[in-house]
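Accompanying notes for the structure given below.
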Amino acid sequence: MALVNIPRLDLTHYTEGSAEQREQFVADIGKAFNETGFVTIANHGLSHELIDELYKVVKEFFDQPSEIKDKYEFPELAGQRGYTSKGKEKAKDSKTPDLKEFWQRGQTIVGEEYSKVDFPDNPEVSELPRFNAVTAEIYKKLEDAGRNLLKAIATYLELPEDYFEKFVINGNSILRAIHYFPIENPDAIPADAVRAGAHEDINLITLLIGASADGLEVLTKDGEWFAIKAKGEDIVVNVGDMLQRLTNNKLKSTTHRVVNPPRELMKTSRYSVPFFLHPKSSMSLASLDSCIDAEHPKAYEDYTAGEYLDERLREIGLKM
């Protein structure tokens with residue numbers, strides 16, 4: 001298998017480092033996002049204790065009986081707030097739903113007028129007050145880390161460092177807590193059913209807190225699947241389709257999946273908490289002029305982020 005470039009970078013080298021450290025961080029993240037679309041990030045602002053509590057409260061929520069979880073499912077919100085039960089979401093080109101259930105927390109708008117149609121309230125789980133508080137804190141810390149990463153990406157693209165700020169402050173970002181539930185009878189599931197089918201993320205970048213078990217794999221340029229293993233406290237960061245469109249494929253939105261465990265581990269759960277950093281719906285995803293030339297002709301139609309999100313939610317089965 002070819003060498004896969006998924007570097008481990010220290011975010012403080014960009015936020016607090018010397019000019020040389022900042023320059024090296026920008027070069028490293030740009031190279032990785034050109035090649036595989038993935039990096040792992042250390043010193044991202046989340047403490048070991050907070051991550052431990054996050055996984056504790058996430059497990060507590062998914063351990064609730066169905067009649068409690070179902071109170072928090074709102075199909076009219078297309079999975080963008082609250083609980084989404086088993087069998088709802090699938091990969092874009094798959095006919096078989098993923099083997100998972102999940103919870104999503106969205107943006108809390110501060111200092112701007114907004115419509116509750118665009119930004120519904122986040123449901124509060126009355127049975128688990130710490131679940132609400134911890135997921136809100138995680139959301140804010142991952143949003144802050146993501147904004148700093150976007151500043152480094154803007155610098156790499158030779159844009160003003162704050163290019164993305166006006167789009168992502170009070171943007172449409174989502175924190176998702178996922179439970180890949182135990183498979184009690186592996187013979188009873190469809191042959192093509194997996195925890196998460198091969199897909200690309202919709203958003204600008206995704207920040208993933210290290211999952212509770214292995215299973216995440218990325219598709220390499222050579223068409224081989226490569227297992228991603230982050231160190232315990234690191235987060236995994238990857239490019240989403242919106243950033244790929246904006247950069248006319250300069251930065252790669254890499255296909256990835258979550259495979260089923262070996263048969264002897266099928267009856268165990270896997271938990272994962274990604275943060276999907278989205279811009280405001282009004283942001284144009286028209287490819288940057290600097291990313292278009294004779295060798296790289298414009299590859300995409302002009303879309304807004306809102307139009308693209310709506311299209312993709314329909315493709316993955318969350319919106320009718």
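Where in the range 245-320 are there GluC sites (Glu not before Pro) that are in a DSSP coil and have at most 12 other Cβ atoms within 10 angstrom of their Cβ?
Details: sites: 264, 295, 301, 307, 311, 315; in loops: 295, 301.
In loop regions of the range 245-320 (DSSP not H, G, I, E or B), the sparsely surrounded GluC sites (Glu not before Pro) are 295, 301.
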### Message
Counting only protein heavy atoms and a 1.4 Å probe, tell me what percentage of the range 183-311's accessible area is made up of carbon and sulfur.
### Response
50
### Message
Between helix 129-156 and the chain, what is the angle of the helix's C-alpha long axis to the longest principal axis, kept within 0 to 90° and rounded to the nearest 10?
### Response
20
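Only Lys, Arg, Asp and Glu count, each charged at its Cβ (+1, +1, -1, -1), so figure out the dipole size of the chain about its Cα centre, rounded to 20 debye.
Working: 39 positive and 54 negative charges, 120 e Å.
My answer is approximately 580 debye.
Assuming a ≥ b ≥ c are the square roots of the Cα gyration tensor eigenvalues, decide whether the chain counts as rounded (a/c under 1.5), prolate (otherwise, with a/b larger than b/c) or oblate.
Numbers: a/c = 1.41, a/b = 1.30, b/c = 1.09.
The shape class here is rounded.
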### Query
For the range 98-112, what does the Karplus curve 6.51 cos²θ - 1.76 cosθ + 1.60, with θ = phi - 60°, yield as ³J(HN,Hα) per residue in whole Hz, taken in order and with x for Gly and Pro?
5, 8, 7, 9, 8, 10, 10, 10, x, 5, 10, 6, 10, x, 9
### Query
Just how far, in whole angstrom, is the range 122-194 from the range 83-99 if you go by their alpha carbon centroids?
18
## Note on the structure
In order over the range 69-86: 3J(HN,Hα) from phi, Karplus 6.51/-1.76/1.60, θ = phi - 60°, whole Hz, x for each Gly or Pro, gives 4, 5, 4, 9, 9, 10, x, 5, 8, 6, x, 7, 9, x, 8, 10, 7, 4
### Message
Run the simple label-point estimate for residue 284 and residue 77 please: 7 Å along Cα→C-beta, distance reported in nm.
### Response
3.3
### Message
Just to be sure I understand: of the beta bridges DSSP finds with both ends in the chain, what percent are antiparallel, rounded to 5?
### Response
90
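Under a 1.4 Å probe, what is the accessible area of the chain per residue, stated in Å²? Each step should come with its number before you reach the end.
Numbers: 14740 Å² over 320 residues.
Counting only protein heavy atoms, the per-residue value for the chain is 46 Å².
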### Task
Select from 164, 206, 297 the residue farthest towards the positive end of the dipole of the chain; place +1 on Cβ of Lys and Arg, -1 on Cβ of Asp and Glu, and compute about the Cα centre.
206
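With contacts defined as alpha carbon pairs under 8 Å and 6 or more residues apart, what's the relative contact order of the chain in percent? Display every interim value, and only then the final one.
Details: 611 pairs, mean separation 68.9, N = 320.
Once normalised by length, the contact order is 22 percent.
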### Query
So how far apart, in nm, are the two label points at residue 229 and residue 42 if each is 7 Å from Cα heading toward Cβ?
1.7
### Query
What whole number of Å gives the distance from the Cα centroid of the range 19-66 to the Cα centroid of the range 254-297?
14
### Query
What aspartates and glutamates could a cross-link reach from residue 221, if we take a straight Cα to Cα line under 14 Å and drop same-chain neighbours fewer than 8 places away?
35
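The values are calculated or read from the model by the stated rules, or taken from the named source; none is laboratory data. Keep in mind the model is a prediction, meaning the values are calculated, not measured. Positions of Cβ are generated from backbone atoms using ideal geometry, with glycine treated the same way; all protein chains shown enter the neighbour counts. Calculation scope for accessible area: heavy atoms of the full protein, side chains included, ligands and nucleic acids excluded. Shrake-Rupley method; radii C 1.70, N 1.55, O 1.52, S 1.80 Å.
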